[in-house]
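Every read-out reported here was derived from the displayed coordinates using simple, explicitly stated rules and does not represent laboratory data. The structure displayed is predicted, hence computed values, not measured ones. Every residue, glycine among them, receives a Cβ derived from its backbone with ideal geometry; neighbour counts consider all protein chains shown.
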Amino acid sequence: MEVNYQLEEKKTLNRTMFLFGSFSLVSLLIIGFVLQQLFTKGKVPGDVLIANWAESISTPLVTTFFTIFTEIGSKYGIGGLFLLSLLLLGWKFRNYSAMVAVSVCVLGGDQLNKWFKQLFARERPMIEESIYAEGFSFPSGHAMVGLAFYGFVAYLIMSGLKSGKSKMICGVAFSILIFFVGISRIILNAHYPSDVFAGFAFGFVYLSLCILLYHGLCRVRFFKQT
C-alpha cells in the first residue's frame with residue numbers, strides 16, 4: 001500500500017514538473033521576444049496600446065483599488081508575509097526545506113531582479129511621486145518577485161489539499177492576486193506593460209527552480225519534517 005502511494009506521489013510530482021517545465025519554456029520565449037524587440041527597436045509592440053488603455057480607465061477609485069495590490073506586491077507587503085510564512089513553516093509545520101526554498105525564492109529573487117534591472121537599465125515611464133518605485137524599469141520586481149513568492153505559497157498550500165476543487169479554487173485565487181499585483185504597476189504607470197509581462201515570465205522560471213530546490217531539499221535527511 002505504501003509503495004503504491006509513493007508511486008502515485010512520484011507520478012503526480014513528475015506531471016507537475018512537466019507542466020512547470022513547459023510553461024517555463026514558454027516564459028523563456030516571451031523573455032527572448034521582449035529583449036529582442038528592446039535591443040533592436042527600442043520598444044515592444046503593444047506597450048503604447050496597453051498603456052493608453054490603462055490611462056483611459058484611470059479614475060481615483062481605480063487608482064485606489066490597484067494601489068492596494070501594488071502594496072501587496074511591494075517589499076513591505078511581501079517582506080511581512082515572508083516573515084510570517086517562515087514563522088508558520090518553522091514553528092507550526094516544521095517544514096525546514098520549505099523555509100529554505102521560500103527564503104531563496106524571496107531574497108534570491110529580489111537580488112536577481114535588481115541585477116536584471118542594472119543589466120538592462122531601461123528607464124521608467126513618467127511616474128507620479130506618490131507612487132512607490134525605485135531603480136530601473138525592466139523587469140518589474142512586483143511581477144517577478146510577486147509571482148515567485150505568492151506562486152510558491154500557493155504551491156505549498158495546494159500540495160497539502162486533498163480535494164481537486166479546493167486546489168482549483170486556491171490556484172485561481174492566487175493567480176488573480178498575482179495578476180492584479182503585476183497589472184497594478186501598469187495602471188499606476190510605474191512600468192511599461194512589457195516590463196510586467198517579462199517580470200511574470202522571469203518570475204515563473206525562477207518559481208520553477210525554487211520548487212525543484214524544495215523537492216531536492218525534501219530528500220535530504222537534515223531537512224525532513226520531524
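Numbers for the structure displayed
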| quantity | calculated |
| --- | --- |
| Fewest-first sequence of 218, 105, 210 by Cβ atoms within 10 Å of each Cβ | 218, 210, 105 |
| Unpaired by the 4.7 Å Cβ criterion, cysteines found in the chain | 170, 218 |
| The chain - mean residue ellipticity at 222 nm from DSSP helices (-39,500 (n - 2.57) per run, n ≥ 4, rounded to 500) | -25000 deg cm²/dmol |
| About the Cα centre, charge dipole magnitude for the chain (Lys/Arg +1, Asp/Glu -1 at Cβ), debye | 860 |
| Cα-derived Rg to Rh of the chain, Kirkwood definition | 1.00 |
| Protection-proxy order for peptides 106-118, 196-208, 175-187, 50-62, each taking the mean of Cβ atoms within 10 Å per residue, highest first | 196-208, 175-187, 106-118, 50-62 |
| The range 153-226 versus the range 53-74: alpha-carbon centroid distance in Å | 22 |
| Entries of 114/167; 117/162; 41/114 with Cα pairs more than 30 Å apart | 114/167; 117/162 |
| Exposure proxy ranking, count of Cβ atoms within 10 Å, fewest first, for 39, 93, 136, 69 | 39, 93, 136, 69 |
| Principal-axis tilt of helix 109-120 within the chain, Cα atoms, nearest 10 degrees | 30 |
| Intensity falloff of the range 47-114 expressed as log10 I(q)/I(0), Debye formula with alpha-carbon point scatterers, at q = 0.13, 0.29 Å⁻¹ | -0.56, -1.16 |
